[in-house]
Each structure stands twice: as C-alpha cells, then as structure tokens.
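Scroll down for the structure; my scribbles are underneath it.
Every number here is computed from the coordinates shown, using simple stated rules; none is lab data. Bear in mind that the values here come from a model prediction, so they are computed numbers and not experimental data. Note that we place each Cβ from the backbone using ideal geometry, even for glycine, and neighbour counts take in every protein chain shown.
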Amino acid sequence: MKKELGRDPTLTELKVDALNKQMIEFAAKRQWGHYRNCKLNIALTLEKEGNLKDALKAIFEVCYLDSNGPNNVMIIDGNVMSYEESEKRGIKDFDLKMAFFAPAPISWIRKWISSLNLTDHDTKALFIEVNKRTKPFDKMPVNPKEAWEHLKKRIEEDRRVDAARA
C-alpha cells in the first residue's frame, strides 16, 4: 500500500483496505450479509475520520443491499453451494423476505445528510450513482431507483417519529 500511495498509509486506509479485501472474499463466497457488514464497518471508519461524504456513500451501499435482503449462501464441505443447488433448495443470494432497514443506519444517514447540507435531489442522485456500481447488481431484485424510494420513505418515517417525540 505504501508503494501505491507513495507514503505510509494511515490507520484508516489500512483498515478500509483490509475490509475491502474481506468483502472480495465474501463476494466470491456469496456471503452477502457478511459483505454488507464489512461495508457498514467501512462507513463507520470513514465517519470517525471525518470523511462524511464517503461514509454516506458506503452506508448508501449498505442500505441498497439491505433493501434487497442480502443472504449468506450455504457453504457445504468448504465449497460455496452452486447456483443450481441453491435454487433447488430455495436459497437465494438476495431474498426480499429478508429486506429491512436497521434503525441506526437511518439515523446516521439523516445526520450525515444534514452535516453535508445535501438537498433531497442531491441525496437521491448520490444514492443512485453509488448503487449503479454495487455488486452483484444482476442478482438483486430491487434496482437503485426503487431502493431509493423505499429508503426515502423510511427516512421520512424516522423524521416523523423524532418530531413526535420532541
């Protein structure tokens, strides 16, 4: 990494690099829940560093994955179950029955959007742009525009709950 950067990497860069490497391994094994958790840890690492824009991008990818119901496909005898075998067993890489948005990421999104002074239009554009690249796009039942509508609704519900408490 030092050679690539031309300097010593920061602790944050090392942590994000290690998490990205784990994500590659999880993607290869179709362990999308674990992949999602790595991306969540990247978002929190970036937020601690004060890099809110990249933290928001990472949490948007988490929410896109969540909107599609990420699943950890079974590993049998050390091998990832084939697509054919998992289909026979009714196991999908993404299952809408498992889709949900956890409360904590929603509150972080609200806070980070506010801190970055993003408009609704800019926020939507960022979410969609980030998630056009999210893998494995071809296996996901919900596209980025649909996922944004679900997330936007959930963010608005969270705002209403907070307003009612105040």
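Relative contact order, whole percent, for the stretch 1-51 stands at 34, derived from Cα pairs under 8 Å and 6 or more residues apart. With 18 Å as the limit on Cα-Cα distance, the pairs of 92/152; 48/153; 97/124; 53/124; 48/152; 53/153 that go past it are 92/152; 48/153; 97/124; 48/152; 53/153. Computed per residue of the chain from DSSP H runs no shorter than four, each worth -39500 (n - 2.57), the mean residue ellipticity at 222 nm is -21000 deg cm²/dmol.
Would you list which aspartates and glutamates come within 15 Å of residue 15, measuring only between C-alpha atoms, while excluding same-chain residues fewer than 8 positions from it? Leaving aside aspartates and glutamates fewer than 8 places away in the same chain, those within reach of residue 15 are 47, 49, 54. Ordered by the count of other Cβ atoms within 10 Å of each Cβ, fewest first, 62, 80, 16 give 80, 16, 62. Each of 158, 93, 66, 122 has some number of other Cβ atoms within 10 Å of its Cβ, and from fewest to most they run 122, 158, 93, 66. Taking trypsin sites (Lys or Arg not before Pro) as exposed when DSSP calls them loop and at most 12 other C-beta atoms lie within 10 angstrom, the chain has its longest site-free stretch at 8-88.
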